[in-house]
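Undergrad: Handing you a structure now.
The values are calculated or read from the model by the stated rules, or taken from the named source; none is laboratory data. Treat the numbers as computed from the prediction; the structure is a model and nothing was measured. Note that we place each Cβ from the backbone using ideal geometry, even for glycine, and neighbour counts take in every protein chain shown. Just the protein is used for accessible areas: all its heavy atoms, side chains included, with ligands, DNA and RNA removed. Shrake-Rupley method; radii C 1.70, N 1.55, O 1.52, S 1.80 Å.
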Amino acid sequence: MPEHRAHLRGVRPPRPRVVIAGGGVAAIETLLALRHIVGEQLAVTLVAPERSFVNRPSSVAGPFGLGGPAPIDLEALARDQGAELAQGALGAVDRERRVVVLDDGAELSYDLLVVAIGAVPEPGVAGAVTFSGPGQIADVTALLDAVEQRGARRLVFAVPGGVTWSLPVYELAMMTAADLRARGATSVTLGIATPEPEPLQLFGEAAGAAMREMLDARGISLWTRTRPLELRGGLLHVEPGPPLRADAVISVPKLAGPAIAGLPSDSGGFIPVDAHGRVAERVYAAGDATAFPVKQGGLATQQADAVAEAVAADLDLVPDPAPFRPVLRGLLLTGGAPLYLRAELTGGAKPTARTLRGQVSGRALWWPPGKVAGRYLAPYLGTARPVELGTEPLRDRASAAGASPAAERDEAYQLALLLAEEDAKVGDYRQALHALDAAAALAGGVLPDEWVASRERWQRELAPQG
Ligand SMILES: Cc1cc2nc3c(=O)[nH]c(=O)nc-3n(C[C@H](O)[C@H](O)[C@H](O)COP(=O)(O)OP(=O)(O)OC[C@H]3O[C@@H](n4cnc5c(N)ncnc54)[C@H](O)[C@@H]3O)c2cc1C
């Protein structure tokens, strides 16, 4: 019986209702965190236009025959977490009446609202292929096939100006280098154009130096402090400086804010929030939709965790919610061993006394080592096994100085795959999935397509019958 009717019959008093708008990284982390913090004390409704959560960060490996975690069915996830899923898109918020209006005109009332609807991706470089997620895997694959067939060409990977997340550009460039080498297409020249002063500047100096070395080793040219504008007539027009010769350009999207009627927004359409993700009375926001300047999945989950605590505190279910304290964790796919990057602000209370401390390592700097380093979402996504939520949230690990990641990964990775196959052969699918988890962790969370298919097959074997 729906809860709002149950209380009319005097069955039990209704629980406060939290409506979470969104079905992505921040929305799911908010739901998982709320359940971890307050259990079943709240009724939760997730409002999302789509039926499944697809892991966008891992999709960069798609054009190279690698797959990330399987999509998660939102209906099943909501059911597991004791929440309801309402299919639809948030159109407006009526804060007076505490009601959200969906795009089809339906209304949903809330006691507390969390807006986690992400940003709007837009092409950042005219004439380029804009890689925004799984939808563009086929475009990049077709481009690489064309490059291989037509001989010498110049490919430039571009970080657009404005609000964006640059890491996938470096991943796409390095995985392309490995792919073209494997195809024997050695006459293709590759380059990266970025407005950043140093590659992956946000991760600190060590990351910049490591990136320069890796790009150099792969023969990938680098133009920093360069804003790519438009590909036209075999030239990539940039600012400042002369155009770069390019036959094709692959870019990441430029992001715009969602600008929802009834909520405040800045000039870019993003929602301003305080340190607890509060937008207005009883309204919170987390993730790419907010005005926080860095749009990244790991940060989106940290914002979501802070929001979940603040929501629980607002309802007097917990004391003293912790504010959002950003720690940037990035897993870089390279076409070989992955690279782990972590950065946080350290130093005094005054902004001027603070410095960015970054770490780079070939070994996982957090566990489980997923691409979206969320306290609850990473364990949920990072394993092929069904996880018991909240038993093992994400943890940081120390870096290992001097480790040689490439050499170490390959043997361990091949062994883990072999063990997975052996276990599956004798029908021990649970153990086979454990071994596959280990292999995926060694490869940065992605696996060749044939192993992704094996994983799905083994999971089906394990699923309860009926
Ligand atoms: C190619 C690429 C690679 C990336 N790689 C990484 C990486 O390696 N690591 C990392 O941490 N980050 C990475 N990012 C960034 C990361 O994907 C985002 O920062 C993250 O997904 C933001 O989470 P979010 O929940 O705020 O938004 P999203 O994940 O975009 O989710 C928004 C959700 O809201 C839904 N929605 C939209 N409008 C409405 C509406 N009106 N009403 C209800 N629901 C709505 C959407 O359908 C979606 O379900 C990458 C991004 C790209 C494009």
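Undergrad: For the range 410-466, what does the equivalent ellipsoid look like in terms of its semi-axes, each the square root of 5 times an eigenvalue of the Cα gyration tensor, given largest first in whole Å?
TA: Taking √(5λ) for each Cα gyration eigenvalue gives 20, 12, 8 Å.
Undergrad: Order the following by accessible area, largest value first: 267, 221. Probe radius 1.4 Å; ligands, DNA and RNA are ignored. Walk me through the intermediate numbers first.
TA: On the way: 267 130, 221 55 Å².
So, going from the largest accessible area down, we get 267, 221.
Undergrad: Right, something else. In whole Å, what is the distance between the alpha-carbon centres of the range 297-324 and the range 419-443?
TA: Between the Cα centres of the range 297-324 and the range 419-443 lies a distance of 36 Å.
Undergrad: Something else about it: Determine the dipole magnitude for the chain: charges of +1 sit on the beta-carbon of Lys and Arg, -1 on that of Asp and Glu, nothing else is charged, the reference point is the Cα centre, and the result goes in debye to the nearest 20. Working shown, then result.
TA: On the way: 45 positive and 53 negative charges, 128 e Å.
It comes to approximately 620 debye.
Undergrad: Still on this model: Once phi is turned into θ = phi - 60°, what whole-Hz ³J(HN,Hα) does the Karplus curve with 6.51, -1.76 and 1.60 give for every residue of the range 177-186, x standing for Gly and Pro?
TA: Calculated HN-Hα couplings, in order: 4, 5, 5, 5, 4, 5, 7, x, 8, 7 Hz.
Undergrad: Across the range 311-327, in residue order, what do the Karplus-derived ³J(HN,Hα) couplings come to in whole Hz, using 6.51 cos²θ - 1.76 cosθ + 1.60 with θ = phi - 60° and x for Gly and Pro?
TA: For the range 311-327, the Karplus curve yields 4, 4, 5, 4, 9, 6, 9, 9, x, 6, x, 7, x, 5, 10, x, 10 Hz.
Undergrad: Restricting to bridges with both residues inside the chain, how much of the DSSP beta-bridge set is antiparallel, in percent to the nearest 5?
TA: That works out to approximately 55 percent antiparallel.
Undergrad: Moving to a separate point now. What does the helix-only formula give at 222 nm for the chain: each DSSP H stretch with n ≥ 4 adding -39500 (n - 2.57), the total divided by the residues, and the result rounded to the nearest 500 deg cm²/dmol?
TA: The helix contribution divided over the chain gives -9500 deg cm²/dmol.
Undergrad: Return P(r) of the range 257-364 (all Cα-Cα pairs; 10 Å bins starting at 0; whole %; ordered from short to long distances).
TA: Final binned percentages: 14, 34, 33, 16, 3.
Undergrad: With a ≥ b ≥ c the root eigenvalues of the C-alpha gyration tensor of the range 122-254, is it rounded (a/c under 1.5), prolate (a/b larger than b/c) or oblate?
TA: Since a/c stays below 1.5, the shape of the range 122-254 is classed as rounded.
Undergrad: Just grab the label-to-label distance for residue 422 and residue 261, each label 7 Å out from Cα along the Cβ direction, in nm (one decimal).
TA: The two pseudo-label positions are separated by 6.4 nm.
Undergrad: Just the number: Rg to Rh for the range 180-251, Cα atoms, Kirkwood Rh, two decimals.
TA: 1.00
Undergrad: Right, another one. So which trypsin sites (Lys or Arg not before Pro) in the range 65-116 are both in a DSSP loop and have at most 11 other Cβ atoms within 10 Å of their Cβ?
TA: 97
Undergrad: In terms of modelled amide H atoms, which long-range or inter-chain residues lie less than 5 Å from the amide H of residue 254?
TA: Excluding prolines and chain starts, which carry no amide H, the hits are 122, 124.
Undergrad: Taking amide hydrogens as modeled 1.01 Å from N in the peptide plane, which residues meet the under 5 Å criterion relative to residue 290, leaving out close sequence neighbours?
TA: Those qualifying (amide H under 5 Å, at least 5 residues apart or on another chain) are 271.
Undergrad: Once phi is turned into θ = phi - 60°, what whole-Hz ³J(HN,Hα) does the Karplus curve with 6.51, -1.76 and 1.60 give for every residue of the range 215-223, x standing for Gly and Pro?
TA: 5, 4, 4, 9, x, 9, 6, 9, 10
Undergrad: Give the residue list of GluC sites (Glu not before Pro) in the range 92-172 that are DSSP loop and have at most 15 other beta-carbon atoms within 10 angstrom.
TA: Counting only loop positions with at most 15 other Cβ atoms within 10 Å, the GluC sites (Glu not before Pro) in the range 92-172 are 96.
Undergrad: I've got another one for you. So what's the gap between the Cα centers of the range 12-36 and the range 94-150, to the nearest angstrom?
TA: Using only Cα atoms, the two centres lie 21 Å from each other.
Undergrad: Now for a separate question. Mean separation of Cα pairs under 8 Å and 6+ residues apart, divided by the residue count of the chain: what relative contact order is that in percent?
TA: Computed value for the chain: 16 percent relative contact order.
Undergrad: Additional query: Determine the distance separating the Cα centre of the range 230-269 from the Cα centre of the range 194-222; give it in Å without decimals.
TA: 21 Å
Undergrad: Quick one: how many Å² of residue 230 are accessible to a 1.4 Å probe, rounded to 10?
TA: Probe radius 1.4 Å; accessible area of residue 230 about 60 Å².
Undergrad: Moving on to the next point. Would you mind getting the Kirkwood hydrodynamic radius of the chain from its Cα pairs, rounded to one decimal in Å?
TA: Kirkwood hydrodynamic radius for the chain: 23.4 Å.
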